[in-house]
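Below: one structure, written as structure tokens.
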Amino acid sequence: MTWYAFYGALEQGFVYGLLVLGVYLTFRVLDFPDLTVDGSLPLGAAVSSVAITSGVNPYLSLILAMGAGFLAGMVTGILNTKFRILHLLASILTMIALYSINIRIMGRPNLTLLGADTVLDSVSGLGLPPFIASPMLFAGFCIVAVAVLVWFLHTEMGLTLLATGDNAQMITAQGVNTHNVIIFGVGLSNALAALSGALIAQNQGAADVNMGVGTIVAGLASVIVGETVFGSRTIARAMIAAILGSVTYRLAIALALGLKLGSFSFTPSDLNLITSILVIAALVSPQLKRKFRK
Amino acid sequence: MLEIDNVTKYFNRGTVNEVLALNGLSLSVREGDFITVIGSNGAGKSTTLTCIAGGFTPDSGSIRIKDENITNWPEFRRAAFIGRVFQDPLKGTCASASIEQNMALALRRGKPRGLSKGVKDKDRPWFREQLATLGLGLENRLKDTAGLLSGGQRQALTMLMATMERPDILLLDEHTAALDPKTANQILELTHTIVETQKLTTLMVTHNMHQALNFGNRLIMLDRGEVILDVGGEEKRNLTVEDLLQRFYALRGEAMGSDKLLLG
């Protein structure tokens with residue numbers, strides 16, 4: 001792997017790290033398998049790109065993107081809690097709807113940001129080469145996000161989020177409306193996915209309605225790789241592990257893409273297959289371990 | 001304190017599996033009552049407790065706590081009045097949260113939760129003090145997750161959590177049934193101590209007639225969703241297991257007799 005590919009993987013790892021934090025929140029904390037992110041990641045990209053091309057400050061556009069993502073997550077949460085639709089199905093419904101909505105927002109399937117100001121311009125002034133500056137910027141975003149989430153999950157409200165995912169009966173008996181907690185939690189997760197999408201769009205200079213395909217599987221792969229390799233004993237550790245898992249995952253992909261076995265080599269279109277196999281392996285391995293111990 | 005008035009509840013109404021779970025059940029609980037609830041399987045013991053806690057809305061009738069009509073209140077809202085311990089020791093605590101986090105969650109039962117620290121430094125000494133009363137050594141394990149505790153330890157912790165913020169009514173749903181006999185006795189003793197010292201209004205469902213007779217100042221027997229026996233005070237103190245069984249079988253015999261008549 002070249003240094004250039006290495007920095008590229010770091011950049012991808014960190015920029016998707018925010019999404020991975022969101023996936024961690026739903027899958028691990030709330031125990032809510034949420035596929036909405038496949039739609040809310042491009043939603044964030046679309047909102048941010050449209051805002052920037054209309055002259056909005058790039059940082060402000062991130063906040064708008066997060067707001068849109070939060071609303072999308074809320075819709076999934078409401079469908080699940082108030083209308084008793086199975087969580088997976090609720091999230092798929094929102095995700096499918098977002099495809100149309102994203103095209104409506106952009107007015108077309110994709111939107112370029114070439115020449116427009118982005119958040120990356122704020123670091124390019126530091127004199128660092130862009131392939132170092134952008135991973136650093138995204139790592140900064142991740143550090144802030146982890147710090148805020150660790151703080152939040154240790155507040156009174158945050159504890160109810162943990163408890164809702166763990167034991168809904170118990171936390172209801174403690175007087176908490178779990179519906180509201182789920183709606184808020186899924187909203188928060190999708191706000192992070194949208195932020196991730198907005199930054200990706202600003203980084204690659206375009207938003208595309210199809211950029212969210214497979215997001216959830218990649219996010220899940222990162223979460224699982226993270227906790228397998230880096231552990232998950234505390235909340236803080238689990239979240240840092242999720243970010244590092246995201247980086248590891250992108251590095252593994254970069255390695256796979258650089259691999260040549262005779263005349264065979266992987267192409268980017270093989271990524272979904274590789275990711276699926278990775279996730280299956282990670283999910284099955286604990287069971288296999290148990291079997292072999294017996 | 002608690003007034004259950006003519007509450008009826010069908011499960012699976014209108015299907016072949018229709019069950020009349022509560023059949024015009026009425027019960028008046030006075031402040032400070034410690035009521036033991038017995039009855040055969042399917043008599044409606046747990047259903048009665050779930051009904052008070054808000055697990056479902058009755059088809060008819062009303063429930064009032066402290067003169068507040070809570071018949072249509074959702075479960076989480078009623079928690080402001082009610083402390084609960086479940087039969088399953090895993091249900092009352094959060095496995096992935098630490099002991100102190102669990103206690104902090106219980107400390108705000110029925111109150112709004114904000115963005116202040118979940119576990120407050122000023123509460124820790126008090127948590128330790130409370131845990132020390134259990135005599136299980138949990139006071140030195142505040143940071144351990146509840147999932148590391150045994151069933152008995154978790155049930156003891158749940159007992160504390162249900163009562164540390166004084167509930168108007170304590171609901172115990174066969175809370176020792178899933179424990180081994182020794183642990184069950186420890187939890188029962190703990191229950192006795194807590195209920196007596198705090199003078200808590202309590203409903204305790206049990207399968208064990210000795211328990212039902214030895215604990216509390218009042219005993220009710222349920223059958224087919226109705227209260228068929230309600231004894232208190234002197235009468236309950238003089239009651240023996242034999243008396244109870246006699247009444248129980250007398251009633252069952254009668255029920256069987258009427259079934260026979262029906263079936264011809």
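The values are calculated or read from the model by the stated rules, or taken from the named source; none is laboratory data. Model, not experiment: these values are computed from the prediction. Here Cβ is always computed from backbone atoms with ideal geometry, including for glycine, and neighbour counts include all displayed protein chains. Note: accessible area is taken over every heavy atom of the protein model, side chains too, but ligands, DNA and RNA are not part of it. Shrake-Rupley method; radii C 1.70, N 1.55, O 1.52, S 1.80 Å.
What is the mean number of Cβ atoms from other protein chains located within 10 Å of the Cβ atom of each residue in peptide B:102-108, rounded to a whole number? All intermediate terms of the calculation are to be shown ahead of the outcome.
Numbers: counts 5, 0, 2, 10, 5, 2, 6.
The per-residue average across the peptide is 4.
Check the straight Cα-Cα distances from B:Lys9 and name the aspartates and glutamates below 16 Å, setting aside those fewer than 8 residues away within the same chain.
Counting by Cα, and skipping residues close in sequence, B:Lys9 has these aspartates and glutamates nearby: B:Glu18, B:Asp59, B:Asp223, B:Glu226.
Give the distance, in whole Å, between the Cα centre of the range B:6-42 and the Cα centre of the range B:126-144.
37 Å
As a test, work out the antiparallel percent of DSSP beta bridges whose residues both lie in chain B, rounded to the nearest 5.
Numbers: 21 of 38 bridges.
The antiparallel fraction comes to roughly 55 percent.
Which order do peptides A:51-61, B:39-49, A:170-180 fall in by mean Cβ count within 10 Å, highest first?
A:170-180, B:39-49, A:51-61
Using a Cα-Cα cut-off of under 14 Å, which aspartates and glutamates could be cross-linked to B:Lys117, ignoring same-chain neighbours fewer than 8 residues away?
Hits, sequence-local ones excluded: A:Glu156, B:Glu100.
Based on the Cα coordinates of the range B:116-264, what is the per residue volume of their convex hull in Å³?
Value for the range B:116-264: 165 Å³ per residue.
For chain B, what is the calculated [θ] at 222 nm in deg cm²/dmol (nearest 500), taking -39500 (n - 2.57) for each run of four or more DSSP H residues and dividing by its residue count? Walk me through the intermediate numbers first.
Working: 9 runs with 97 residues, N = 264.
So the helix-based figure for chain B works out to -11000 deg cm²/dmol.
After finding the eigenvalues of the alpha carbon gyration tensor for chain B, what semi-axes result from the square roots of 5 times each, listed largest first in whole Å? Each step should come with its number before you reach the end.
Working: eigenvalues 235, 91, 56 Å².
Whole-Å semi-axes of the equivalent ellipsoid: 34, 21, 17.
Provide the per residue accessible area, probe 1.4 Å, for the protein assembly as shown, rounded to a whole number of square angstrom. Provide the component values of the computation, followed by the final result.
Values: 25660 Å² over 558 residues.
Per-residue accessible area for the protein assembly as shown comes out at 46 Å².
Rounded to the nearest 100 Å², what is the sum over both chains of accessible area buried where A meets B, with a probe of 1.4 Å?
Interface between A and B: roughly 2100 Å².
Taking the range B:130-184 as the region of interest, what is the percent of Cα-Cα pairs per 10 angstrom bin, listed from the shortest bin to the one with the maximum distance?
P(r) for the range B:130-184, in whole percents per bin: 21, 53, 26, 0.
Count the DSSP beta bridges whose two residues both fall in the protein assembly as shown, then state the antiparallel fraction as a percent rounded to the nearest 5.
Around 60 percent of the beta bridges assigned by DSSP in the protein assembly as shown are antiparallel ones.
In Å, what Rg and Dmax follow from the Cα atoms of the range A:3-212?
That works out to 17.4, 57 Å for Rg and Dmax.
Which net charge results for the neighbourhood of A:Met74, defined as the other residues with beta-carbon distances under 14 angstrom from its beta-carbon, given Lys and Arg at +1 and Asp and Glu at -1?
Cβ neighbours under 14 Å give a net charge of 0.
Mind checking the mean number of beta-carbon atoms from other chains within 10 Å of the Cβ atoms in B:68-77?
Values: counts 0, 0, 0, 0, 0, 0, 3, 6, 10, 3.
For peptide B:68-77, the averaged partner shielding equals 2.
Is any helix in chain B, taking whole DSSP H runs, at least 24 angstrom long along its axis by alpha carbon and on average at least -1.0 on the Kyte-Doolittle scale, and which ones?
Helices meeting the criterion: B:181-198, B:241-263.
When the Cα centres of the range B:171-220 and the range A:45-79 are compared, how far apart do they sit, in Å?
The range B:171-220 and the range A:45-79 have Cα centres spaced 55 Å from each other.
Name the residue, out of A:Gly44, A:Gly258, A:Gly69, whose mean-square fluctuation peaks in a Gaussian network model built on chain A with Cα pairs under 10 Å.
Among A:Gly44, A:Gly258, A:Gly69, the largest mean-square fluctuation in the Gaussian network model of chain A belongs to A:Gly258.
At a 1.4 Å probe, what is the % contribution of carbon and sulfur to the accessible area of the range B:127-234?
That fraction is 47 percent.
Past the 26 Å Cα-Cα mark, which pairs from A:Lys289/B:Lys143; B:Lys66/B:Lys122; B:Lys66/B:Lys111; A:Lys82/B:Lys91; B:Lys66/B:Lys182?
A:Lys289/B:Lys143; B:Lys66/B:Lys122; B:Lys66/B:Lys182
In debye to the nearest 20, how big a dipole does chain A give about its Cα centre with +1 on each Lys and Arg Cβ and -1 on each Asp and Glu Cβ?
On the way: 14 positive and 11 negative charges, 189 e Å.
The calculation lands at about 900 debye.
What does the extension gain come out to for B:Leu245 and B:Lys122, with contour length at 0.36 nm per residue minus their alpha carbon separation?
39.2 nm
What order, most packed first, do the peptides B:155-164, A:234-243, A:144-153, A:15-24 have when packing is the mean number of other Cβ atoms within 10 Å of each residue?
A:15-24, B:155-164, A:234-243, A:144-153
To the nearest Å, what is the center-to-center distance of the range B:43-57 and the range A:130-155, using C-alpha atoms only?
Measuring centre to centre over Cα atoms gives 47 Å.
Under a point-charge model restricted to the Cβ atoms of Lys and Arg (+1) and Asp and Glu (-1), what is the dipole moment magnitude of the range B:123-264 relative to its Cα centre, in debye to the nearest 20?
So the dipole magnitude of the range B:123-264 works out to roughly 320 debye.
Would you grab the residues whose amide H sits under 5 Å from the one on B:Gln87? Only those 5+ places off in sequence or on another chain, please, with H modelled 1.01 Å from N.
B:Asp173
Counting only GluC sites (Glu not before Pro) that are in a DSSP loop and have at most 14 other C-beta atoms within 10 Å, tell me the longest site-free stretch of chain B.
Details: sites that count: B:Glu18, B:Glu31.
That would be B:32-264.
Taking a quarter of the surface of the convex hull around the Cα atoms of the protein assembly as shown, what do you get in nm²?
Averaging across all directions leaves 33.8 nm² for the Cα convex hull.
Over all residues in B:83-90, what is the mean tally of Cβ atoms on other chains that come within 10 Å of each residue's Cβ? The partial results should precede the final answer.
Values: counts 2, 5, 1, 3, 0, 1, 0, 3.
Taking the mean over all residues of the peptide, I get 2.
Filter the DSSP H helices in chain A by two things, a Kyte-Doolittle mean of at least 0.5 and an axial alpha-carbon span of 15 angstrom or more, and list the hits by number.
Those that pass (Cα extent of 15 Å or more, hydropathy at least 0.5) are A:37-53, A:58-81, A:87-106, A:130-153, A:156-166, A:178-204, A:215-230, A:235-258, A:271-293.
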